[in-house]
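**Student:** Here's a structure for you.
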Amino acid sequence: MEKIIMKKFDNLLSEAGITRSDGYEFYFRNYIYKDIDLDGKKILDIGGGNGLASFYALDSSANCSAWVVDPIAEGSNDLMFEQYDSMKKNYDAERINFHRDYVDTLLDPSSFDIIVMHNTVNHIGEDILEDISFNNDAYIEYVSRLKTILDRLSSDGILIVADCGSKNFFGQIGLKSPFAPSIDWHLHCEPGVWQQMIEDIGFSHIKTQWTARREFGLFGKFFLANRVCSYFLNSHFVSFYQKK
């Protein structure tokens, strides 16, 4: 049964023009939404781009809904929006919406049950990210930007933060990682940095899990999804928090 479900979702991505689509269903189910109850939940997908994280949620629960928020400028990445539009045709249109602007201009709904920041938490402040470890003003500004987003979460709501850490074998020896060649490691933070910020805002840390590349499937989950192996691969993690 698992193989059939995986085939279905990954094929929908492939039909939408998403390259290297194999393994996304496994990845979202085993890492991003692991142990998360999606039924009846309103999901805010920050910087969601083509909406992969949201569409997987819709695929997994018949009665959840999602709002993808991404200020994709006209003409800057039309392919991503075209992929979203293609995927949307496979679902009830009323269950997913795309807000092509910043979250502070999203008026309705005003609160959500789950916020997903899938590889985007560093994007809200790349201009000051490198300064937060030694500049208190930069740290406070970053927390302020993050709080604007997290204020949208309802009481006891769940926050999911997935990103690459800043420590990686290839990055520390000055080479491009063959597993993540586009990553600028200095524009990322270790999960503990985000945890401090998010706890400062008023959240409880549930757990942090290092992930393995989706193509590795079960082998990756059992043998590579740990800090040591991840350090030599793509240094990717997912953290879960609950709003107090």
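**Student:** Report the rotationally averaged projected area of the stretch 98-244 based on its alpha-carbon convex hull, in square nanometres.
**Tutor:** Across all orientations, the stretch 98-244 yields a mean hull projection of 9.7 nm².
**Student:** Also, quick follow-up: Compute the relative contact order of the stretch 54-119 as a whole-number percentage, counting only Cα pairs closer than 8 Å that sit 6 or more residues apart in sequence.
**Tutor:** 41
**Student:** Now a separate question. Which semi-axis lengths, in whole Å and largest first, follow from the square roots of five times the eigenvalues of the Cα gyration tensor of the stretch 200-244?
**Tutor:** Calculated on Cα positions only, the semi-axes equal 25, 10, 7 Å.
**Student:** If you don't mind, another one. Using a 7 Å offset from the Cα along the Cα-to-Cβ direction at both ASP151 and SER110, what is the distance between the two label points in nm, to one decimal?
**Tutor:** Between ASP151 and SER110, the simple spin-label model gives 1.2 nm.
**Student:** List the GluC sites (Glu not before Pro) within the stretch 63-104 that fall in a DSSP loop (any state other than H, G, I, E or B) and whose Cβ has at most 14 other Cβ atoms within 10 Å.
**Tutor:** Here the GluC sites (Glu not before Pro) that fit, given the DSSP loop and packing criteria, are GLU74.
**Student:** While we're here: Considering every Cα-Cα pair within the stretch 43-148, what fraction, in whole percent, is farther apart than 18 Å?
**Tutor:** Of all Cα-Cα pairs in the stretch 43-148, 52 percent lie more than 18 Å apart.
**Student:** For the pairs LYS34/LYS147; LYS8/LYS41; LYS8/LYS88, note any where the Cα-Cα span goes beyond 20 Å.
**Tutor:** Pairs exceeding 20 Å: LYS34/LYS147; LYS8/LYS41.
**Student:** OK, next. Note down, for the stretch 173-212, the three equivalent ellipsoid semi-axes (square root of 5 times each alpha carbon gyration tensor eigenvalue), biggest first, whole angstrom.
**Tutor:** Equivalent ellipsoid semi-axes, largest first: 27, 13, 7 Å.
**Student:** With a point put 7 Å past each Cα toward its Cβ, work out how far LYS34 is from ILE206 in nm, to one decimal.
**Tutor:** The modelled label-to-label distance comes out at 1.2 nm.
**Student:** Hey, what do the phi angles of the stretch 98-106 turn into as Karplus ³J(HN,Hα) couplings, whole Hz, using 6.51/-1.76/1.60 and θ = phi - 60°, x for Gly and Pro?
**Tutor:** 10, 9, 8, 6, 7, 5, 5, 9, 7
**Student:** Quote to one decimal, in nm, the extra length available between LYS167 and VAL228 on full extension: 0.36 nm per residue of separation minus the C-alpha distance between them.
**Tutor:** Additional length available on full extension: 20.9 nm.
**Student:** Taking amide hydrogens as modeled 1.01 Å from N in the peptide plane, which residues meet the under 5 Å criterion relative to LEU153, leaving out close sequence neighbours?
**Tutor:** PHE112
**Student:** Rounded to the nearest 500 deg cm²/dmol, what is the calculated helix-only ellipticity per residue at 222 nm for the chain, with -39500 (n - 2.57) per DSSP H run of length n ≥ 4?
**Tutor:** Dividing the helical sum by the residues of the chain leaves -9000 deg cm²/dmol.
**Student:** Any idea how far apart ASN136 and ASP92 come out in nm if each label point goes 7 Å out from Cα toward Cβ?
**Tutor:** 5.1
**Student:** Tell me which GluC sites (Glu not before Pro) from the stretch 96-150 have a DSSP coil assignment and no more than 16 other beta carbons within 10 Å of their own.
**Tutor:** Answer in residue order: GLU126.
Readers should treat all values here as calculations from the given coordinates under stated rules, not as data from a laboratory. Just so it is clear, the model here is predicted, and its values are computed rather than measured. Every residue, glycine as well, gets a Cβ built from its backbone with ideal geometry; the counts of neighbours run over all protein chains shown.
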